[in-house]
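Novice: This is the structure I have questions about; it appears just below.
The values are calculated or read from the model by the stated rules, or taken from the named source; none is laboratory data. Note that this is a predicted model, so its numbers are computed, not measured. We place every Cβ from the backbone using ideal geometry, glycine too, and count neighbours over all the protein chains shown.
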Amino acid sequence: MVEAFLRRIVCRCRFVSLILPIFLAMPASADAPAFCAEIPRPGWSAFEKLGVSNEWFHVYRIDDGLFAITEPFQWQEVINYLIVGADKALLFDSGNGMGDIKAIVDQITALPVTVLASHSHIDHVGGHWQFQTILAPDTAFTNDRAKGRGNAFVREEASAIALCKGLPEGVTEDNHHTKPFVPTGRVTDGSMIELGGLALEVLSIPGHTPDSIALLDRASGRLFTGDSYYKGPIWLYSAETNLAAYRTSIARLAALVPILKAVHGAHNEPFSAPVELEKVRDAFELVYSGNRKPNAVSDTQARYDFGSFGLLMQANHEVEK
């Protein structure tokens, strides 16, 4: 469990000086980072892997009309969800932008596809530019990230330390970048996305980023949480993170547990029991109130471990006063 936490922290954070030396000291082999030995993660075995999978994207059928498109050999282990209705489909997150995610989507459905990100970090909007219909919140953070990011900002995501396998053809550490995209429509809290016999409700849950959202399918009891919850250390360290806002948002998600059957996070594994949201809410309260000491601290970072998940924050993070 400790090794898994160390690995996930490195994968989610490009500037983790506390953990990176340890990570480098315990590789899975002479040529691969340690997390590569854990791929595929155990949770994927419950789902059917589809033949449209390729060397970069692995595709799993989670349920009828629900597909997880993951990039397992890159340290983010990001999971993008394709949700297919009778008339339309929605791609929730579009990955790192290193592989051709649209080619994968087109093999799964011939329906019109709209793309929407759980938030605008680089590993969730990388493939947006490939789609004609793009929904997004109208926030300053979203609009800035929609401009794309150059190689200096993202090159480490394509470096050897981040990879278990070679990059898709044409992508290198020196040329990787995220392309700009232009939203064609906006979503706000309470927006409904109708796919034909399937309705998704947009929940505004700022905290991880100012534009973080979740998607709720009330009919099936499914909640797609982006980076506000996933199995592993939850990244609450960025300059754009607002802990007070996250406190409100994770409480809002936890309040949905009685109507939920499944939670789908954006990294590592595609399914969690809804009760995990209550555990995160309670754990965050302990930390935010100053009643829980970190498991590890450096000059810049504090890590709190809670079994199936953790919280990674700035070492001098705010506490409730």
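Novice: In segment 210-223, what residues are part of a loop (DSSP other than H, G, I, E, B) and over 12 Å from the mean Cα position of the chain (by Cα)?
Specialist: Scanning segment 210-223 gives PRO210, ASP211, ARG218, ALA219, SER220, GLY221.
Rundown of residues vs (1) of a type in the set (D, E, K, R); (2) under 23 Å from ILE83 (Cα atoms), yes/no style:
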| site | (1), (2) |
| --- | --- |
| ARG155 | yes, no |
| LEU167 | no, no |
| ARG186 | yes, yes |
| GLY196 | no, yes |
| GLY207 | no, no |
| PRO210 | no, no |
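Novice: Counting only residues that are under 19 Å from TRP129 (Cβ atoms) and either of a type in the set (Gly, Ala, Ser) or assigned to a loop (DSSP other than H, G, I, E, B) (or both), how many does segment 179-197 have?
Specialist: The total comes to 8.
Novice: OK, next. Any residue that is farther than 26 Å from ARG222 by Cβ and at pLDDT 95 or above - is there at least one of those in segment 256-277?
Specialist: So far as segment 256-277 goes, no, none of its residues is farther than 26 Å from ARG222 by Cβ and at pLDDT 95 or above.
Novice: I need every pair where a residue in segment 307-321 that is closer than 15 Å to ASN242 by Cα has its Cβ under 8 Å from the Cβ of a residue that is of a type in the set (Gly, Ala, Ser) and not in a loop (DSSP other than H, G, I, E, B), sequence separation at least 6 or different chains.
Specialist: LEU311/ALA283; LEU312/ALA302; MET313/ALA302; GLN314/ALA302; ALA315/ALA302; HIS317/ALA302; GLU318/ALA244
Novice: Any residue in segment 176-194 that is under 11 Å from VAL125 (Cα atoms) and among the hydroxyl-bearing types (Ser, Thr, Tyr) sitting within a Cβ distance under 9 Å of a residue that is exposed (fewer than 13 other Cβ atoms within 10 Å of the Cβ) and at pLDDT 95 or above? List the pairs, counting only those 6 or more apart or interchain.
Specialist: Here the result reads THR178/GLY150, each pair linking segment 176-194 to a residue that is exposed (fewer than 13 other Cβ atoms within 10 Å of the Cβ) and at pLDDT 95 or above.
Novice: Taking the criterion of being closer than 25 Å to THR188 by Cβ and out of contact with any Leu (no Cβ under 9 Å at 6 or more places or on another chain), would at least one residue in segment 219-229 satisfy it?
Specialist: So far as segment 219-229 goes, yes, one or more of its residues are closer than 25 Å to THR188 by Cβ and out of contact with any Leu (no Cβ under 9 Å at 6 or more places or on another chain).
Novice: OK, next. Out of curiosity, is LEU116 of a type outside the set (Lys, Arg) and either surrounded by fewer than 20 Cβ atoms within 10 Å (Cβ to Cβ) or on the phi > 0 side of the Ramachandran plot (or both)?
Specialist: no
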